[in-house]
Amino acid sequence: MTVSRTPAALFKQALIALAIIGVIGLAGWQYALGWAPSRALYPVQGIDVSHHQGPIDWAMAAADGVDFAYIKASEGGDLRDRRFTENWHAAAAAGIRRGAYHFFTLCRPAADQATNFIASVPREPDALPPAVDLEFGGNCTARPDRAAVLREVEIFITMVEAHAEKPVMLYVTREFEDAYRISSAIDRPLWLRRMGLEPDYGTHPWVMWQAHARRRVDGIDGPVDWNVLRDG
């Protein structure tokens with residue numbers, strides 16, 4: 001026997017279906033925001049931050065599983081992150097190991113940039129190795145040839161390593177690596193980016209993997225980059 005449904009019943013049924021879809025979608029979105037690579041595979045995990053994250057409750061972040069943090073110190077030849085000093089000291093007070101990074105611009109001499117970074121970051125024996133951020137996103141429009149970029153990056157590395165007495169880690173996006181083949185010319189630890197899946201570029205294995213760009217962490221308003229260290 002065929003049972004006919006009234007328009008009101010059909011409308012109600014549609015609303016129920018939409019509500020179920022909405023709940024499933026919300027649950028999926030919340031899972032995605034909290035996703036991180038397996039702790040069994042990567043027991044040491046952390047964040048990278050700048051002033052864009054605003055004030056951070058570092059004790060809450062530590063309680064939420066943040067083992068380490070890379071904190072933006074400087075950019076180009078004269079920009080210094082306005083929250084660097086605050087984040088640097090507060091992260092240490094919360095028991096979080098921290099390192100500093102510099103955003104490398106293609107429009108300023110490397111010597112100026114290294115001087116800016118060195119003036120921003122105290123030399124501390126327990127700090128993580130410094131890092132230099134090599135990417136096109138947010139950079140200037142200049143695209144020097146490979147020889148020029150390699151020469152400038154090496155100048156930056158030489159000056160910063162003399163100050164920090166530790167090897168500089170190279171944060172390199174796929175686009176930047178494809179354009180300049182940094183990893184084949186400069187033998188330094190690699191920090192690579194790929195959302196959700198292990199990076200498959202670079203000429204030697206990565207040391208740090210930026211796996212999530214919009215993770216939610218207690219103590220931080222809004223999304224934050226999530227990273228893992230290679231175990232062993």
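The values are calculated or read from the model by the stated rules, or taken from the named source; none is laboratory data. Quick caveat: nothing in here was measured; it's all calculated off a predicted structure. Virtual Cβ from ideal backbone geometry, glycine too; neighbours counted across all protein chains shown. Protein only, heavy atoms only, side chains kept; ligands, DNA and RNA dropped before computing areas. Shrake-Rupley method; radii C 1.70, N 1.55, O 1.52, S 1.80 Å.
Annotations
- Taking the 1.4 Å solvent-accessible surface of the chain as the whole, the part contributed by carbon and sulfur is 58%.
- Here the average projected area of the convex hull drawn through the C-alpha atoms of the chain stands at 18.0 nm².
- Measuring with a 1.4 angstrom probe and ignoring ligands and nucleic acids, Glu177 comes out at about 20 Å² accessible.
- Net charge dipole size for the chain [Lys, Arg +1 and Asp, Glu -1 on Cβ; Debye, nearest 20]: 780
- Helix 110-120 vs. the chain, principal-axis angle (Cα, 0 to 90°, nearest 10): 80
- Distance in nm between pseudo-label sites at Arg214 and Ser184 (7 Å out along the Cβ direction from Cα): 3.4
- In degrees, nearest ten, helix 7-34 long axis to first principal axis of the chain (Cα): 20
- Ordered from highest to lowest accessible area with the whole protein assembly present and a 1.4 Å probe, Lys166, Lys72 read as Lys166, Lys72.
- Build a GNM of the chain with springs between Cα atoms under 10 Å apart, and of Tyr70, Tyr180, Tyr171 the one that fluctuates most is Tyr180.
- In this structure the chain gives 51 Å² per residue of accessible area when probed at 1.4 Å with all protein chains present.
- Note, ³J(HN,Hα) from phi for segment 81-95, Karplus 6.51, -1.76, 1.60, rounded to Hz, x at Gly and Pro: 5, 6, 9, 4, 4, 4, 5, 4, 6, 5, 4, 5, 5, 8, x
- Paramagnetic label zone (point 7 Å from Cα along Cα-to-C-beta, Asp78; backbone N under 17 Å) in segment 128-147: 140
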